[in-house]
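For reference, the structure is listed below as structure tokens.
The values are calculated or read from the model by the stated rules, or taken from the named source; none is laboratory data. Values in this document were obtained by computation on a predicted structure and should not be read as measured data. Virtual Cβ from ideal backbone geometry, glycine too; neighbours counted across all protein chains shown.
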Amino acid sequence: MRRFTVIVLCFMIATVILMSFMQQKKQAAVRFLPLGDSYTICEGAKPAESWPVLLTAHLEEKGHDIALLANPARTGFTTFDLMQEELPVLDKSDANFVTLCIGVNDWVRGIDSTVFKKNFSLILDRIQRKIPDKQKIIVLTIPDFSVTPNGKLYGNGRDISKGIAAFNGIVTREANKRKLKIVDLYPISKGMADNDALVARDGLHPSAQEYAIWEKAILPVAVEILKP
């Protein structure tokens, strides 16, 4: 009986701590929710090395009262997966600052550009309907994975750089149409071609060092759009 009581008490304490932590996140002035795929969950790096975590920490250092609500991005996600799995997370949250990086897996799987455009547009519209300030969104272009050692394995005989550039054209046009800020990761990612330290052990994804480079490009844009 005593053991059962101890277990119950421990559970209650853990619940109180978790609820308190979640409440602190909800009380933050800036409530950040990154949406995307492996490039947002940061496959190839430790969670603490992910650019959303770094971005949150650096914004906090600059005086922003900010909380990273969650990171629902997953490796392999397409725009359809994001709509099915990540937008419900957005809907249940009180996020007011969102980043979006999606599309590489659409291209890899041969999803038609018209379908990608439709899905990408729907995603942006859903985000803008949800968050209070429709401009507090940063859109990230798709990196060029063809420059990595194993990138060519995922091209299926197609020109990867050309294909990703075409999808990025859609990303850019849809973001510009809504007057959203863009961080262009495509040219930045080219640096992985000449520096093995920027590529993860799988020979495909960026390393923690590369993600840190991305975060440095994202940070000033985030600072700009989060101005009071």
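Please count how many residues of the range 190-207 are of a type in the set (S, T, N, Q) and closer than 21 Å to Pro47 by Cβ.
Residues that pass the stated criteria total 1.
Every residue, every condition in (1) over 21 Å from the mean Cα position of the chain (by Cα); (2) under 19 Å from Thr75 (Cα atoms), yes or no:
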residue: Lys152; (1), (2): yes, yes
residue: Phe167; (1), (2): no, yes
residue: Ile182; (1), (2): no, no
residue: Ala197; (1), (2): yes, no
residue: Pro206; (1), (2): no, yes
residue: Val221; (1), (2): no, no
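So for the range 54-63 (the condition being farther than 14 Å from Glu215 by Cβ and surrounded by fewer than 18 Cβ atoms within 10 Å (Cβ to Cβ)), does at least one residue qualify?
The first filter runs over the range 54-63 and keeps only residues farther than 14 Å from Glu215 by Cβ, leaving 63.
Subsequent filtering for residues that are surrounded by fewer than 18 Cβ atoms within 10 Å (Cβ to Cβ) retains 63.
Checked against the condition, which is being farther than 14 Å from Glu215 by Cβ and surrounded by fewer than 18 Cβ atoms within 10 Å (Cβ to Cβ), the range 54-63 yields at least one hit.
Could you check how many residues of the range 23-53 are surrounded by 18 or more Cβ atoms within 10 Å (Cβ to Cβ) and among the basic types (Lys, Arg)?
1
Select from the range 72-90 the residues that are surrounded by 21 or more Cβ atoms within 10 Å (Cβ to Cβ) and of a type outside the set (A, V, I, L, M, F, W, C) and list them in ascending order.
Thr78, Thr79, Glu86
In the range 130-146, what count of residues is obtained for those that are in contact (Cβ under 8 Å) with a residue 40 or more places away in the chain and of a type in the set (S, T, N, Q)?
2
With respect to Val89, determine if the residue is farther than 27 Å from Leu198 by Cβ and either free of Cβ contacts under 8 Å to residues at least 40 places away in the same chain or out of contact with any Cys (no Cβ under 9 Å at 6 or more places or on another chain) (or both).
Taking the combined requirement at face value, the residue satisfies it.
Residue by residue, here is whether (1) surrounded by fewer than 12 Cβ atoms within 10 Å (Cβ to Cβ); (2) in contact (Cβ under 8 Å) with a residue 24 or more places away in the chain; (3) touching a Cys at 6+ places or on another chain (Cβ under 8 Å); (4) under 18 Å from Thr114 (Cα atoms) holds:
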residue	(1), (2), (3), (4)
Thr148	no, yes, no, no
Tyr154	no, yes, no, no
Asn168	no, yes, no, yes
Val171	no, yes, no, yes
Arg178	no, yes, no, no
Ile182	no, yes, no, no
Leu185	no, yes, yes, no
Lys190	no, yes, no, no
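For Lys118, indicate whether it is assigned to a helix (DSSP H, G or I) and either touching a Lys or Arg at 6+ places or on another chain (Cβ under 6 Å) or modelled with pLDDT under 95 (or both).
The answer is no for Lys118.
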